[in-house]
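Let me begin by presenting the structure, written as structure tokens, before commenting on it.
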Amino acid sequence: MTAISEPEPSDSLKAFGAILKVFRERAALTQEQLALLVSYSPHFVASVEQGRRFPPEDFVDRAEYALEAFGVLRAAAQHLSRQPGLAAWFRMWAKLEATAVSLCTYECRVVPGLLQTEAYARAVMMNVPPPPTEEEVEQRLSARLARQDLLTRRPPIAFSFIIEEAILLRHTGGEAVTTGVLDQIVVRAEQWNVEIQIMPLRQPQHAGTDGPLQLLETAKNQWLGYSEGQKTGQLIADRKDISVLQMRYAKMRSQALSPADSADLLQRMRGTL
């Protein structure tokens, strides 16, 4: 898989934004007036027109109706395939997540994106060279936090997270940021569809030494995997490879602390800050 820098410019988003602006001006509406009609903020409307934000389906439908756009906006939206703020190699996986019935994540580098706070995500982004621009940071933050809607999606997704204790002991971003992300994880762990396990710092038997992994079950009960490294990512569909990843994940679940013991550890870690 070819490595591509993040984020990738999107001509299709810019084209959609230009079309939206033409129809808005044809209707003699300001961005503020259109924002009221589509129930989004003026800032969001401006960002879409500038090609910086990916327009959700309901935004497109409401704008189509409000601007009497003859189906042009809906047609243009069909060609929006790029999401600024998400690494190019991750976009296919992000699309699969949107319709998944279960998601399993083992992470040994940073808190999984679905559990990050904005402050933690910002700290992670600012720590990894090269330094991003403020616009790049905002795009990435927007995309990462938008993915967290999956945690409360209906129909619900069954989530399993295995997180290395060392990640939380690192105090990425400082104590205040760490306190916030610990609080976030504790709250998420209380959701009935979210199971969080901490892999203890001292664990002589560890099936995850090959690195982070993700597993996903589609609505048709097909399992897929995803593995990510420095500037690369790989979608895994081969049944034999998926079987290996499932065995490793199952082994790690038996090696990590139970959800109840993990919750206790998180509370203790929270209390020491």
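General remarks:
- Scanning the range 242-256 for residues that are part of a helix (DSSP H, G or I) and either basic (Lys, Arg) or closer than 11 Å to residue 206 by Cα (or both) yields 248, 249, 251, 252, 253, 254, 255.
- Unmet criterion (only one of (1) touching a Lys or Arg at 6+ places or on another chain (Cβ under 9 Å); (2) part of a loop (DSSP other than H, G, I, E, B)) for residue 182: (2)
- Per-region count, the range 51-79, residues part of a loop (DSSP other than H, G, I, E, B) and either surrounded by 15 or more Cβ atoms within 10 Å (Cβ to Cβ) or not polar (S, T, N, Q) (or both): 11
- Among residues of the range 39-53 that are under 14 Å from residue 17 (Cβ atoms), those with a beta-carbon under 6 Å from a residue that is modelled with pLDDT under 90 and among the hydroxyl-bearing types (Ser, Thr, Tyr) at least six positions away or on a different chain give the pairs 53/47.
- Test: residue 225 is touching a residue at least 40 places away in the same chain (Cβ under 8 Å) and not in a helix (DSSP H, G or I): no
The values are calculated or read from the model by the stated rules, or taken from the named source; none is laboratory data. Because the structure is a prediction, the values reported are computed rather than measured. So basically every Cβ, Gly included, is an ideal-geometry build from the backbone, and we count neighbours across all protein chains shown.
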